[in-house]
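First comes the structure, then the notes that go with it.
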Amino acid sequence: MKNIRNFCIIAHIDHGKSTLADRLLEYTNTIQVTSGQMLDDMDLEKERGITIKSHAIQMEYNYKDEKYILNLIDTPGHVDFSYEVSRSIAACEGALLIVDASQGVQAQTISNLYMAIEHDLEIIPVINKCDMASAMPEEVEDEIVELLGCKREEIIRASGKTGMGVEEILAAVIERIPHPVGDEEAPLQALIFDSVFNSFRGIIAYFKIENGVIRKGDKVKFFNTGKEYDADEVGVLKMELVPRNELRTGDVGYIISGIKTSKEVKVGDTITHVARPCAQAIAGFEEVKPMVFAGVYPIEAEDFEDLRASLEKLQLNDASLTFQPESSLALGFGFRCGFLGLLHMEIVQERLDREFDMNVITTVPNVSYNIYDKQGEMKEVHNPGGMPDPTLIDHIEEPYIKASIITTTDYIGPIMTLCLGKRGELLKQEYISGNRVEIFYNMPLGEIVIDFYDRLKSISKGYASFDYHPNGFRPSKLVKLDIMLNGEPVDALSTLIHFDNAYDMGRRMCEKLKELIPRQQFEIAIQAAIGAKIIARETIKAVRKDVTAKCYGGDVSRKRKLLEKQKRGKKRMKQIGNVEVPQKAFLAVLKLD
Ligand code: GDP
Ligand code: MG
């Protein structure tokens with residue numbers, strides 16, 4: 001235990017976490033980059049479904065004539081996964097806090113740091129990318145001193161590109177981070193901080209032992225799920241899985257035990273022995289709850305079952321993804337998926353495409369609402385389509401977030417205007433250093449899921465970073481805005497929005513749809529309505545486009561061919577009532593100017 005160090009690397013995105021991790025692995029000879037084998041190995045890892053580096057990897061390092069085991073536990077790194085980040089952090093005793101020398105402290109630097117501090121980790125501040133011409137290490141040092149209250153000498157200057165500072169970082173990990181503590185004689189208590197699905201081995205859970213010892217073949221129990229397993233294989237994580245007969249207190253390792261679905265493995269759960277269980281689980285276990293929901297539909301209706309199979313596989317290593325079948329009159333059969341946040345949603349969509357070759361349409365994301373009826377009963381609604389009749393509703397609550405935005409003084413004005421438009425409520429404003437400032441807002445989550453992030457980036461020319469945390473539910477004057485095409489409501493176009501924005505939104509939706517829906521052989525009325533009240537209307541004029549007219553009625557087979565061709569041309573459309581709607585119209589709400 002004395003010669004073990006468990007640590008993680010925390011940073012704002014793109015500040016060089018992965019690059020620096022590679023240098024550490026290289027320097028400790030955990031991976032050989034020069035031999036050109038690393039890439040092959042990595043491909044193999046990928047084929048096996050393990051991306052070791054993204055979870056945990058063990059390094060061996062000789063320092064002052066002693067051998068040390070350094071476990072680098074990677075954190076998921078996105079705001080959306082902050083719960084999982086917090087469990088990874090809980091498995092460590094220390095953290096490298098990486099700050100980009102040209103960017104300085106950013107929103108996720110701070111939120112990850114706070115999480116590390118909450119878990120009492122020893123923080124080693126590192127200024128990375130010091131090789132860059134635009135590096136401002138002095139200024140960044142000021143920011144870090146301000147943030148941590150540390151001494152300047154404690155900050156290490158490094159570069160993941162040149163390898164500068166790597167040796168110093170390893171020395172600091174050993175010298176400054178405390179070794180794990182725990183009782184080897186006590187009942188087994190191991191914290192699950194991550195899990196992956198491997199197509200050959202099944203589910204692999206990663207854990208850190210807080211107390212006790214685990215041996216191959218042990219009968220173990222997962223505390224919170226109550227499920228029992230045989231520890232078929234336990235071991236440590238190097239470039240590949242290295243089986244061991246036993247792992248002891250302070251060790252980080254993996255277990256393979258015939259777990260079938262990722263739902264059985266909950267990040268944050270405790271592994272113990274069936275015969276001699278620990279008295280209680282490791283504190284802090286929480287079920288993660290999805291925050292953002294969207295319909296995910298196959299482009300081709302016949303791919304529905306394939307989509308289900310793909311989502312099931314994805315869920316095997318992403319337990320935070322939820323889905324249930326739903327059907328939409330407009331889009332057919334699909335799934336309502338729950339995500340931790342927008343980034344998570346994008347990643348899932350990307351993975352469906354890349355790993356499963358599934359082309360999907362994602363409907364407008366929305367959040368979860370608490371709807372109270374007149375009897376005081378609460379119902380959670382994840383889909384505008386699931387809204388009860390408005391006359392039965394007493395009031396609705398929507399989720400709020402506490403947002404933190406870091407920017408330079410130049411952009412405060414436009415950012416405040418943007419936040420105000422999103423019903424944000426300014427909480428406070430703090431100077432970080434020089435002309436950089438952190439602004440806090442209380443905002444409805446529903447307002448940021450639509451186009452907040454992109455707009456923030458564009459109005460700040462990229463000089464704003466953003467982070468958020470859930471901040472409870474609040475009553476809100478929400479209404480369901482329906483869209484009708486020739487009198488027929490189109491469920492996939494409904495949105496829940498604040499009453500004050502409803503008229504404007506209804507008008508803009510109608511205008512946008514008029515642009516996106518092609519003219520057809522009859523007139524199409526586009527209407528926006530709240531309940532029975534029509535609040536906006538546009539009309540698409542009819543066009544005569546009878547392709548068979550050219551055939552003079554004579555040649556039947558030619559006429560049929562033309563009709564077939566016309567039908568194929570329409571495949572990317574959805575028929576709603578008698579109106580054909582192109583797919584891009586379903587995302588119209590995201591494209592309002
Ligand atoms: P992460 O998101 O924190 O994991 O960041 P990455 O390690 O993926 O790095 C983000 C980008 O910065 C990549 O394009 C890297 O090549 C680059 N980068 C990382 N470290 C350095 C460094 O020390 N110097 C320079 N010049 N570029 C770096
Ligand atoms: Mg990375």
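In this label model, Glu185 and Met132 are separated by 5.3 nm, measuring between points 7 Å along each Cα→Cβ vector.
Counting 0.36 nm for each residue step from Asp394 to Glu246 and taking away their Cα separation leaves a gain of 47.4 nm. Highest average first, the peptides 182-189, 289-296 ordered by how many other beta carbon atoms sit within 10 Å of their residues are 289-296, 182-189.
Placing R0 at 45 angstrom, the Cβ-Cβ distance between Asn3 and Phe356 gives a FRET efficiency of 0.55 after rounding to 0.05. Near Ala11, once Lys and Arg are set to +1 and Asp and Glu to -1 for all other residues with Cβ below 9 Å from its Cβ, the sum equals -1.
Residue ranges 7-20, 469-482 sort as 7-20, 469-482 when ordered by packing (mean number of other C-beta atoms within 10 Å per residue, highest first).
Between Leu516 and Lys260, the modelled labels are 4.1 nm apart [label points 7 Å from Cα along Cα→Cβ]. Under the convention that each Lys and Arg Cβ holds +1 and each Asp and Glu Cβ holds -1, the size of the dipole of the chain around its Cα centre is about 2940 debye. For segment 495-516, the residues whose backbone nitrogen is under 19 Å from a point 7 Å from the Cα of Lys541, taken along Cα to Cβ, are 511-516.
Between beta-carbons, use under 14 Å as the cut-off and find the net charge around Arg215, counting Lys and Arg +1, Asp and Glu -1. Don't skip to the answer; put the middle values down first.
On the way: positive: Lys216, Lys219, Arg244, Arg248, Arg276; negative: Glu184, Asp218, Asp230, Asp232, Glu233, Glu246, Asp251.
Net charge around Arg215: -2.
If you keep only loop residues by DSSP, which trypsin sites (Lys or Arg not before Pro) in segment 254-305 have at most 15 other Cβ atoms within 10 Å of their Cβ? Sites meeting the loop and neighbour criteria: Lys260. Mean sequence separation of contacting Cα pairs (under 8 Å, at least six apart), scaled by the length of segment 346-421, corresponds to a relative contact order of 23 percent. The alpha-carbon positions of segment 410-556 define a convex hull whose volume is 173 Å³ per residue. Remark on segment 236-359: hydrodynamic radius 17.2 angstrom, per the Kirkwood mean of 1/r across alpha carbon pairs. Going by accessible surface with a 1.4 Å probe and the largest first, Arg423, Arg248, Arg354 read Arg354, Arg248, Arg423.
Where both residues lie in the chain, what percent of DSSP beta bridges are antiparallel, nearest 5?
That works out to approximately 85 percent antiparallel.
For the chain, give the percent of accessible area contributed by carbon and sulfur heavy atoms, probe 1.4 Å, rounded to a whole number. List each step's numbers first, then the result.
Numbers: 13620 of 27380 Å².
On the chain, the fraction of accessible area on carbon and sulfur atoms equals 50 percent.
If I stretch the segment between Glu168 and Ser327 completely, what's the gain in nm (0.36 nm per residue apart, minus their alpha carbon distance), one decimal? All intermediate terms of the calculation are to be shown ahead of the outcome.
Values: separation 159, 0.36 × 159 = 57.24 nm, distance 5.75 nm.
Computed gain between Glu168 and Ser327 is 51.5 nm.
With each run of n ≥ 4 DSSP H residues scored as -39500 (n - 2.57), what mean residue ellipticity at 222 nm is computed for the chain after dividing by its residue count and rounding to the nearest 500 deg cm²/dmol?
On the way: 12 runs with 151 residues, N = 593.
Using -39500 (n - 2.57) per qualifying helix, the result is -8000 deg cm²/dmol.
Of the cross-linked pairs Lys480/Lys584; Lys457/Lys584; Lys266/Lys461, those separated by over 29 Å at the C-alpha level are Lys266/Lys461. Each peptide in 128-140, 529-541 was scored by the mean count of other Cβ atoms within 10 Å over its residues; highest first, the order is 128-140, 529-541.
Each of Gly531, Gly160, Phe440 was placed along the dipole of the chain (beta-carbon charges, centred on the mean Cα), and the one lying farthest toward the positive end is Gly531.
Stretched out straight at 0.36 nm per residue, the stretch from Glu66 to Thr225 would grow longer than its current Cα-Cα span by 53.2 nm. The simple spin-label model puts a point 7 Å past each Cα toward its Cβ; for Ile459 and Lys216 those points are separated by 6.0 nm.
For Asp451 and Glu153, what is the calculated FRET efficiency with R₀ set at 51 Å and r taken between the beta-carbons, to the nearest 0.05? Each step should come with its number before you reach the end.
Details: r = 45 Å, r/R0 = 0.88.
Calculated transfer efficiency: 0.70.
The Cα-based radius of gyration and maximum Cα-Cα distance (Dmax) for the chain are 27.6, 96 Å. The residues of segment 371-491 present an accessible area of 48 Å² per residue when probed at 1.4 Å with all protein chains retained.
Across the chain, Cα pairs under 8 Å and at least six residues apart give a relative contact order of 9 percent.
First select every other residue whose beta carbon is under 13 angstrom from the beta carbon of Lys402; then total the charges, Lys and Arg +1, Asp and Glu -1. List each step's numbers first, then the result.
Values: positive: Lys428, Arg474; negative: Glu425, Glu438, Asp467.
That works out to -1.
The values are calculated or read from the model by the stated rules, or taken from the named source; none is laboratory data. Remember, predicted model here, so these are calculated numbers, not experimental data. Here Cβ is always computed from backbone atoms with ideal geometry, including for glycine, and neighbour counts include all displayed protein chains. With ligands, DNA and RNA removed, areas are computed over all heavy atoms of the protein, side chains included. Shrake-Rupley method; radii C 1.70, N 1.55, O 1.52, S 1.80 Å.
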